[in-house]
Each structure stands twice: as C-alpha cells, then as structure tokens.
Amino acid sequence: MRKLLLAQHRGSVESLLTILPQVFVFLVMFQLIFMQFNVMRSTNLNQGELATTAITGSGASYQRYPLIGGGSVLVVDEKSDTKKFIDFGNLASKKILAIAVDEDASN
C-alpha cells in the first residue's frame, strides 16, 4: 500500500506540460518587467543629470530651447539598445526623453 501511495505522487508528463507554459510566461513577464525597470531607471538618472545641469549651468549633452519670457528649456533625447533575457540575438531599443526648465539663460 505504501508503494502505491508514493507512486501516485511522482511527476508525470501531464504535470510537465502544465508547468512548461507557466515557466515560459513567467520568464516573458520577468523580461518585460526588467526592461521597463531599466527604461525607468535610465529616465530618472537622465532627468536628475539634466536638472543638475539646469541648476549649476554645467555642460552636458542637451539641447537648449529659449523661452519667450527669458530662460530656456533643456531637453535630452537619448536612444540606446538593451539586451533581453530570452532573445539574446535581437536587441531591444529604448528612447529616453528628459526635460528641465532653466530660468536663468546666462548659465
């Protein structure tokens, strides 16, 4: 009787066919979450760097657009490629846009 109970708890092909799609969906979702986190992290870092540039007037790779009442708008437009977890052959492209207002155009 004990062998019969232990034999019923062994894995089977049906359980493997049930688990494989779940693992695949988990990996795809993990990849999407990681890529979104990577884009948000890059956007926040660029926004912080651009805000520091607007405050201190230091140089960075940005475009300056003058405003009518004085000051200017600083814009960083960056495009880059990132690696993916599942599909290593193709890179995912991301575009990051950061905007800051510089009230003193003399910087």
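The values are calculated or read from the model by the stated rules, or taken from the named source; none is laboratory data. Remember, predicted model here, so these are calculated numbers, not experimental data. Methodologically, a virtual Cβ is constructed for each residue, glycine included, from the backbone with ideal geometry; neighbour enumeration extends over all protein chains shown. Calculation scope for accessible area: heavy atoms of the full protein, side chains included, ligands and nucleic acids excluded. Shrake-Rupley method; radii C 1.70, N 1.55, O 1.52, S 1.80 Å.
Structure data summary
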{"item": "Residue count, the range 9-28 (criterion: part of a helix (DSSP H, G or I) and either modelled with pLDDT under 85 or surrounded by 11 or more Cβ atoms within 10 Å (Cβ to Cβ) (or both))", "result": "10"}
{"item": "Residue within the range 93-104 that is assigned to a helix (DSSP H, G or I) and modelled with pLDDT under 75 present", "result": "no"}
{"item": "Odd one out for residue 6 among (1) at pLDDT below 85; (2) open to solvent by less than 100 Å² (accessible area, probe 1.4 Å)", "result": "(2)"}
{"item": "Selection from the range 29-46 of residues that are of a type in the set (A, V, I, L, M) and either closer than 17 Å to residue 93 by Cα or loosely packed, with under 11 Cβ neighbours inside 10 Å (or both)", "result": "29, 32, 33, 35, 39, 40"}
